[in-house]
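Take a look at the structure below.
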Amino acid sequence: MEEKKSTHVVETGNSTKNDFFLSRIDRSVADNLSDIRKSFGEDAGIVKDFIVFISKNLKRDLFGYTKFTLKDFCKESGRNRQDLAKKHPYFTTNPKAIIPEYFGHEFISVFDYALFNMLQKNIIFAKSYTVNTRNEVIQLKNFPILKDIKLNRDRQSNTVKIYEIRISDEWLDGFISRYYTIETNDYPKIGKGRGGDGRKSLYIILQRTRHQLLSQNETTARFTVDYLADIAELAVEQNRFRKKSLKRILDFFQEKGDSPFSYRFVKGDLSKPYQEEYWVELDFSSSVSITSLREKRGDHLFFNSLMVDLRNMFNIKHSKVAIKDETDVFQRWLTNADADTELKVEILISAYYKAYSQNITKLQAKQYIRDGFFNA
């Protein structure tokens, strides 16, 4: 599934192809990155990449986010396809281990086994995560990722051509109502090379911090060196080496990134209890056009109204429908462009007007449902 493009895009907060793409990431995930490491071990980096990847697909193509190829994933994560196709280290070090099978497919490669683990395991939070949303307080103790995996295989080579997934209800709900806005243009390139998983985690934290600051009309934040070094997975003991390694990564972000920030190391007041010796002060006031780092006004209402109305329509027409081996009939219906297309068109037109006070044509709505963009 290649990225869809058009000669002209009517924006919904998604960028034109030359601008920033503002994606979303579930707050409960971004605030608990270390718990991904604890829950998934050596697969944690792929799990994190997968969440960023599918979350971007949701924002870019809500009606087609469930299907992707390994090439798509590599493009958005910066990973090497050959590395993901190798036998997973677990089966190399444990040759007698039972290889999991699902619908006749052996999940033995690095990517497939990580995907299977996302189906079997949740991200377990070290402590309950409290979220205030929709006028209610929710206590999250874990984050389920996948409900199901379906595979479209090449009959001759028996290789997977297209992956089709069903994400958890919690993830889908988080995309609509519980998220940070993040810019993902730099994500693939900052992860290449040794230490890439740690750099990606630090990148997400910086993006999260920028979102928080923008929402508070502020531009600076402070973190301890130890905290950022742990996020970046810097395995150094002495403070001076930890500080130097962290500086190298921050300088790399400044040099390679499209969203500049400045930083400085600040000594803590050691006369105060529990005060850390070194802090990093991050300043995002130099970031390109602050308004370009916010979602377009109306995006939240657009996606929220669209999803609520689509689900209501589905429940009215198909609530009693059961399909063999299908774990989420709604997601299947949502991403089937030929199912109730006219009804989806009407809902889309209504949600767009409600959010942006602009009319779109039925042709534009159908284009969005089939290709993920509005063709003006």
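The values are calculated or read from the model by the stated rules, or taken from the named source; none is laboratory data. Because the structure is a prediction, the values reported are computed rather than measured. All Cβ positions, glycine included, derive from the backbone under ideal geometry; neighbour counts span all protein chains shown. Note: areas computed on protein heavy atoms with side chains; ligands, DNA, RNA excluded. Shrake-Rupley method; radii C 1.70, N 1.55, O 1.52, S 1.80 Å.
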Accessible surface, per residue, of the chain when the full set of protein chains is kept, probe 1.4 Å, Å²: 50
Take the alpha-carbon positions of the chain, form their convex hull, and give its projected area averaged over all directions (one quarter of the hull surface) in nm². 21.4
Can you work out ³J(HN,Hα) from phi for every residue in the range 21-38, in order, using Karplus 6.51 cos²θ - 1.76 cosθ + 1.60 and θ = phi - 60°, giving whole Hz and x for Gly and Pro? 10, 8, 9, 9, 9, 4, 4, 5, 7, 4, 7, 9, 4, 5, 6, 5, 4, 5
Quick check: Cα centre of the range 158-211 to Cα centre of the range 234-258, how many Å? 21
Using label points projected 7 Å from each Cα along Cα→Cβ, tell me how many nm separate Arg294 and Tyr227, to one decimal. 2.5
Could you point to the residue in Asn132, Ala351, Val52 farthest towards the positive end of the chain's charge dipole, with +1 and -1 charges on the Cβ of Lys/Arg and Asp/Glu respectively? Val52
From the helices alone, meaning DSSP H stretches of at least four residues, give me the mean residue ellipticity at 222 nm for the chain, per-run term -39500 (n - 2.57), in deg cm²/dmol to the nearest 500. -13500 deg cm²/dmol
GNM result for the chain, Cα springs below 10 Å: residue of Glu237, Glu295, Glu281 fluctuating most strongly: Glu237
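Please report the carbon-and-sulfur percent of the accessible area for the chain; probe 1.4 Å, protein heavy atoms only, DNA, RNA and ligands left out.
Answer for the chain: carbon and sulfur cover 47 percent of the accessible area.
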Label model pair Thr327, Ile162: point-to-point distance (7 angstrom along the Cα→beta-carbon line) in nm is 2.0
Please tell me the relative contact order of the chain in percent, rounded to the nearest whole number, where contacts are Cα pairs under 8 Å and at least six residues apart. 20
By the mean-Cβ-within-10 Å protection proxy, highest first, 322-332, 139-149, 223-233, 50-60 rank as 50-60, 223-233, 139-149, 322-332
A correct Karplus calculation of ³J(HN,Hα) over the range 356-372, with 6.51 cos²θ - 1.76 cosθ + 1.60, θ = phi - 60°, whole Hz and x for Gly and Pro, returns 10, 6, 9, 8, 10, 7, 4, 5, 5, 5, 5, 4, 5, 5, 8, 10, x
Please report Rg over Rh for the range 58-108, where both radii come from the alpha carbon positions and Rh follows the Kirkwood definition. 1.09
HN-Hα J in Hz across the range 78-91 - Karplus 6.51, -1.76, 1.60, θ = phi - 60°, x for Gly and Pro: x, 7, 8, 4, 5, 5, 6, 8, 5, 5, 4, x, 4, 7
